[in-house]
1. For region 167-176, indicate whether the set of residues that are in a helix (DSSP H, G or I), out of contact with any helix residue (DSSP H, G or I) (no Cβ under 9 Å at 6 or more places or on another chain), among the small types (Gly, Ala, Ser) and farther than 19 Å from residue 89 by Cα is non-empty.
2. Select from region 84-142 the residues that are of a type in the set (S, T, N, Q) and touching a residue at least 40 places away in the same chain (Cβ under 8 Å) and list them in ascending order.
3. If I ask for residues that are surrounded by fewer than 22 Cβ atoms within 10 Å (Cβ to Cβ), touching a Ser or Thr at 6+ places or on another chain (Cβ under 7 Å) and within 29 Å of residue 95 (Cα to Cα), which ones from region 113-152 would you list?
4. Condition test on residue 185, is it surrounded by fewer than 21 Cβ atoms within 10 Å (Cβ to Cβ), modelled with pLDDT under 90 and not β-branched (Val, Ile, Thr)?
5. Looking only at residues in region 188-231 that are surrounded by 19 or more Cβ atoms within 10 Å (Cβ to Cβ), among the polar types (S, T, N, Q) and out of contact with any Ser or Thr (no Cβ under 7 Å at 6 or more places or on another chain), which one is modelled with the highest pLDDT?
6. For region 101-141, which residues satisfy the criterion of being within 22 Å of the chain's Cα centre (by Cα), under 17 Å from residue 71 (Cα atoms) and among the polar types (S, T, N, Q)?
7. Looking only at residues that are surrounded by fewer than 16 Cβ atoms within 10 Å (Cβ to Cβ) and modelled with pLDDT of 90 or more in region 64-99, which one is farthest from residue 166 (Cα to Cα)?
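The values are calculated or read from the model by the stated rules, or taken from the named source; none is laboratory data. Nothing here was measured: the structure is a model prediction, and the numbers come from that model. All Cβ positions, even for glycine, are placed from backbone atoms using ideal geometry, and neighbour counts span all protein chains on display.
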Amino acid sequence: MLVHSRGARWAVWAVFGVLFLPLFALPLLVVLGASFATHWSGALPSGMTVANFRSATRGDALDALTTSLVTAVTASLLALAVGTWAALAAARLKERHRRIVDALFVLPLAVPSVVVGLSLLVAFSKPPMLLNGTRWIVILAHTVLVTSFAHQSVSAAITRLDPAYEQAAASLGARPAYVLWRVRLPLLLPSLTAAAGLCFALSMGELSATMMLYPPDWTPLPVLIYSATDRGALFAGSALAVVLMAATLIVLSAVSRVRNKASYR
């Protein structure tokens, strides 16, 4: 911490607590409390039960969780591959051309995600690329929405790489492909895992574009949460939200362990 006096540190922590608790911690605690309740008529929830979680971890809810995990993992891997390839290719371009590539990848973030969903719906509703009504259009939408984060993360990491490692490998006779696989990508591994975790978390919570595209047999968990709360089942929806958060945190913890090992290397 840049503040050195004890009084100033206490003041900073107090401001942090005042801002963090009502804005971040309290809403999550409310959702957690509601997930164990059957009704909430006072200051605190009542009728504590685990029945909400029993229904949130079986049947359609379990299928929706599996759908979200498969969608997020697939979209994250695709986004990481495309974003990394584009970042590596753009690093060889001139500054003006590199800015054009960066702008193209940031474009999906410059418009609402519902617009991205509508554009994919229009583009892939007729042959020869008929994806409407399939799971692949949902995965494609998630990939488009998160690829920019992978690209930006890897691009920032490439600019921090020390070129001496690549130059040393090339001076010893290593071919460009060998330098890429054995030098550049291992050095980028911490940033790659961080980008993968970010893409996964964003995909797990994506709703707007998904609502426009998902078929009945490929319903992600955020859609199920929205449907539950829309029909007034707030406590069941809260349990589903807690399951979604727990699954996301478990995967992110595993990714963080991989990233820490990669950084240690």
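1. yes
2. 84, 113, 132, 134
3. Selection gives 113 alone.
4. Working: surrounded by fewer than 21 Cβ atoms within 10 Å (Cβ to Cβ): yes; modelled with pLDDT under 90: yes; not β-branched (Val, Ile, Thr): yes.
Taking the combined requirement at face value, the residue satisfies it.
5. Checked region 188-231; the qualifying residue modelled with the highest pLDDT is 210.
6. 113, 134
7. Keep residues of region 64-99 that are surrounded by fewer than 16 Cβ atoms within 10 Å (Cβ to Cβ), which gives 66, 70, 77, 81, 85, 89, 91-97, 99.
When the remaining residues are screened for being modelled with pLDDT of 90 or more, the result is 66, 70, 77, 81, 85.
On the way: 66: 41, 70: 36, 77: 26, 81: 21, 85: 17 Å.
Looking at the filtered set, the residue picked out is 66.
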